[in-house]
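The values are calculated or read from the model by the stated rules, or taken from the named source; none is laboratory data. Remember, it's a predicted structure, so these values are computed and weren't measured experimentally. Counting neighbours? That spans all protein chains shown, and the Cβs are built from the backbone with ideal geometry, glycine included. Side chains included, ligands, DNA and RNA excluded: accessible areas come from the protein's heavy atoms. Shrake-Rupley method; radii C 1.70, N 1.55, O 1.52, S 1.80 Å.
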Amino acid sequence: MEDFEKEDILVEVKEERYPLGEVSILRWIIALIILNCSFFIMEIFPEKTWLAVMFLVGPVVSLFVLGHKSFRRLFKRPKLRDIPAVFGMTILTISVGVISSIILERFGSVDNPIVGIANEDNIKYIAILLMVQLVIEEIFFIIWFLFLYHKAKFEKESTREIFAWVVSSLIFGAMHLSTYNFNIVQAVIGIGIVRFVLSAIYIRRKNLTLAYIVHFLYDILIILAVVTSVNMQ
């Protein structure tokens, strides 16, 4: 009797590789509809500035649909041991971004509009704007990534991971089509490649906060470099 009770207690608990695997397909569909509508409405009606509220609220609501603790399960508190990884990944992402931009010049690449308006007077406001906007962009990436990972019909876990990683990066790039004057190569491929590299820190550490920090450092450092180069001319 005692042996039976011990076997009953010693149940092996398998830790999930990525969160939200328990979410039903219905909730995933609802979350994706809310998420994508919040972006498409801004694309269709760019002159309606008040719709920016939906751009900010929609992704947060979609994350809440997946579970009221989803935000805390994804955006975790960074640790001291994460600092070298953050700086290393930032350098790698910037390097890939620079190489990518040089190659994409052959395809008539255009600058991000924010680069054209950035200057010493408004750089602080742009930094604050980025801090908010990039939370939304990280939510966009992670919802697509986790949906593809958990629902893809591949037997091998590594295959599902790579599939979700690649496809979610390309979708993230496609989200920037209007930003880059619908240059498919620059948005889908160029931004997609940068996103793929940037996401590696989440794949490795399973903490979206780290990807957010790398994303912010990548964007703000490039903007600062442009502003500095303009002032030096």
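Residues in the range 141-157 that are open to solvent by 10 Å² or more (accessible area, probe 1.4 Å) and of a type outside the set (Lys, Arg): 8 in all.
Residue by residue, here is whether (1) within 20 Å of Ile201 (Cα to Cα); (2) open to solvent by less than 90 Å² (accessible area, probe 1.4 Å); (3) of a type in the set (D, E, K, R); (4) in contact with a strand residue (DSSP E or B) (Cβ under 7 Å, 6 or more places away or on another chain) holds:
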| position | (1), (2), (3), (4) |
| --- | --- |
| Trp28 | no, yes, no, no |
| Glu43 | no, yes, yes, no |
| Thr49 | no, no, no, no |
| Ala52 | no, yes, no, no |
| Pro59 | no, yes, no, no |
| Ile91 | yes, no, no, no |
| Ser100 | yes, yes, no, no |
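Whenever a residue of the range 63-86 is under 21 Å from Gly21 (Cα atoms), it has no partner that is open to solvent by 30 Å² or more (accessible area, probe 1.4 Å) and not in a helix (DSSP H, G or I) lying with C-beta atoms less than 6 angstrom away and at least six residues away or across chains. Counting only helices (runs of 4 or more DSSP H) that sit wholly inside the range 192-233, those with at least 1 residues that are acidic (Asp, Glu) and open to solvent by 30 Å² or more (accessible area, probe 1.4 Å) are 208-232.
Exactly one residue among Val96, Val132, Val167 is in contact with a helix residue (DSSP H, G or I) (Cβ under 8 Å, 6 or more places away or on another chain), more than 15 Å from Phe196 (Cα to Cα) and touching a residue at least 12 places away in the same chain (Cβ under 8 Å), and that residue is Val132. Would you say Val167 is over 25 Å from Val61 (Cβ atoms) and open to solvent by 20 Å² or more (accessible area, probe 1.4 Å)? When the stated conditions are applied, Val167 does not pass them. Scanning the range 104-114 for residues that are of a type outside the set (Phe, Trp, Tyr), assigned to a helix (DSSP H, G or I) and either at positive phi or exposed (fewer than 14 other Cβ atoms within 10 Å of the Cβ) (or both) yields Glu105, Arg106, Pro113. Scanning the range 67-89 for residues that are surrounded by 14 or more Cβ atoms within 10 Å (Cβ to Cβ) and of a type in the set (Val, Ile, Thr) gives a single hit, Val86. Answer yes or no as to whether Tyr125 is among the hydroxyl-bearing types (Ser, Thr, Tyr) and more than 25 Å from Phe71 (Cβ to Cβ). Answer is yes for this residue.
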